[in-house]
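Structure, as structure tokens:
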Amino acid sequence: MTQISSQRIKQIISAPPLGTTLEIKGWLKSRRDAKGFSFLDITDGSCLQGLQVVADSGLTNYQEEIKKLTTGCCLSVRGVLQESPAKGQAAELIAEEITIHGWADAALYPLQKKRQSFEFLRTLPHLRGRTNSIGAMIRIRSRLSHAIHTFFQQHGFYELHTPIITASDCEGAGELFTVTAMDLAHLPITKEQQVDYSRDFFGQQASLTVSGQLEAETYALALGNVYTFGPTFRAENSNTSRHLAEFWMVEPEMAFCDLAGDMDLAEEMLRFVIDDLVTSAPDDLALFNRFVDKELLKRLALLQEPFKRLSYSEAINLLLTSGQTFAYPVSWGMDLQSEHERYLTDSLFKRPLIIYNYPKKIKPFYMRLNDDNKTVAAMDVLVPGIGEIIGGSQREERLDVLTARMAQCNVPQEPYQWYLDLRRFGSAPHAGFGLGFERLVMLATGLGNIRDVIPFPRTPGSAAI
């Protein structure tokens, strides 16, 4: 008896085992009938392409079931793989047995074999993964995640799982989601008419994390190099194409590292993951290059070139002398806006850019103060088409300078005594950065809306699934 092996379509297409009996399992994209047989296009999500199945009218369930199949039906097919006489495909499966696992109501199924707008697909988060574009995005997202872990593991970093629930506000922005176990209809109130969080589950006010950086610093000063890769949350009431309430961050922290080393690692990591993606996912990238952004592959190739580096002050001077009219007027001390970043990367330098040494007034308390007492050792990596994708800094390792910066930024010391202990007990120069993972997926796909690069986007008013 012939051994029947179940295979993914990606494996079959990459090296067709012609003449063998095998089984595939997936979903029907289309059915086309001819005299005495039908052509079924089956996809299983493993790759962009589907596999053509030839169903002969001699199959026992041909008239009762196969002729009634519609887009979205789930089925498995056992048959013999043969060379295809048709153009555009090397092989086709000659069905010997077809089993229908789940029917799709043709009158209700919303995904037909035609191009759907991304706006429409956002209304179907539970089904949009079956489309070519979102399926390709998920495969690219998965590959980028794999490459990030590979990069850090190869460079001697240890993965660290930092808490999602925390009492620390890393950014100091105050835009946090509060976590509570209290009955919201009967909140305990203090004499000052404030919520009494001492009676809550954790005995103090807690929130969802905006960053794992501060916790990662503790282990960088114990193990040397660590990285986190997890979800972060910001309660910013923003409905722009660049903001999510829940998103993923990659955050390495390195002991005995300064700002120059921080920039070197960020550049090397980006180059590594994009090179891995271009090599491993050419078909998915080609889809986005053809239908979403025709400059995508050219832009990704730019990441293989050395990044341009310039100080914040140099960037401001270039903007002031550019002759451009910006919606946000340019002046030293301002935070660069998207239009400024895009001008520098897309129009002026036409390649990735690292800007460093930002004014201390626009950066958090933990960034190392430079000798000019005006700037901190911070850096942002900007890429064409996206703008900022990485933000990082050398951390302030001097206890006296750190406490003074906290006072200037109105950050209370009491909740951060553990963080100050790192400076009291064996402090060391150290640095790190944060990569917005969804921004990276936007870069890799050319998709312009961040809601299209995460499976289930969380935005104001949207958390249904």
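List of remarks:
- Residue-count net charge about GLU388 - beta-carbon cut-off 12 Å; Lys, Arg +1, Asp, Glu -1: 0
- Extension gain from ASP275 to GLU97, taking 0.36 nm per residue of separation minus the Cα-Cα distance: 59.9 nm
- Accessible surface calculations at 1.4 Å, restricted to protein heavy atoms, place the range 100-238 at 56 Å² per residue.
- Sum of -39500 (n - 2.57) over DSSP H runs of 4+, divided by residues of the chain (222 nm, nearest 500): -8000 deg cm²/dmol
- 0 to 90° range, to nearest 10: angle between helix 282-291 axis and the chain longest Cα axis: 80
- Restricting the range 1-95 to GluC sites (Glu not before Pro) that sit in a DSSP loop and have at most 11 other Cβ atoms within 10 Å of their own Cβ leaves GLU64.
- Helix 399-408 and the longest principal axis of the C-alpha atoms of the chain enclose an angle of approximately 90°.
- Proximal lysines relative to LYS35, as straight alpha-carbon distance under 19 Å, when same-chain residues fewer than 8 apart are discounted: LYS67, LYS68
- Net charge over other residues, Cβ less than 13 angstrom from the Cβ of GLY426 (K, R count +1; D, E count -1): -1
- By DSSP, the beta bridges lying fully in the chain are antiparallel in about 85 percent of cases.
- Note on LEU320 and GLN49: the extension gain reaches 92.6 nm, defined as 0.36 nm multiplied by sequence separation minus the Cα-Cα distance.
- Sequence-distant contacts, meaning Cα pairs under 8 Å at least 6 residues apart, place the relative contact order of the chain at 13 percent.
- The chain, accessible surface, carbon-and-sulfur percent (1.4 angstrom probe): 52
The values are calculated or read from the model by the stated rules, or taken from the named source; none is laboratory data. No experiment lies behind these values; they were computed from the predicted model shown. FYI the Cβ positions are ideal-geometry reconstructions off the backbone, even for glycines, and counts take in every protein chain you see. SASA here: full protein model, heavy atoms, side chains in, ligands and nucleic acids out. Shrake-Rupley method; radii C 1.70, N 1.55, O 1.52, S 1.80 Å.
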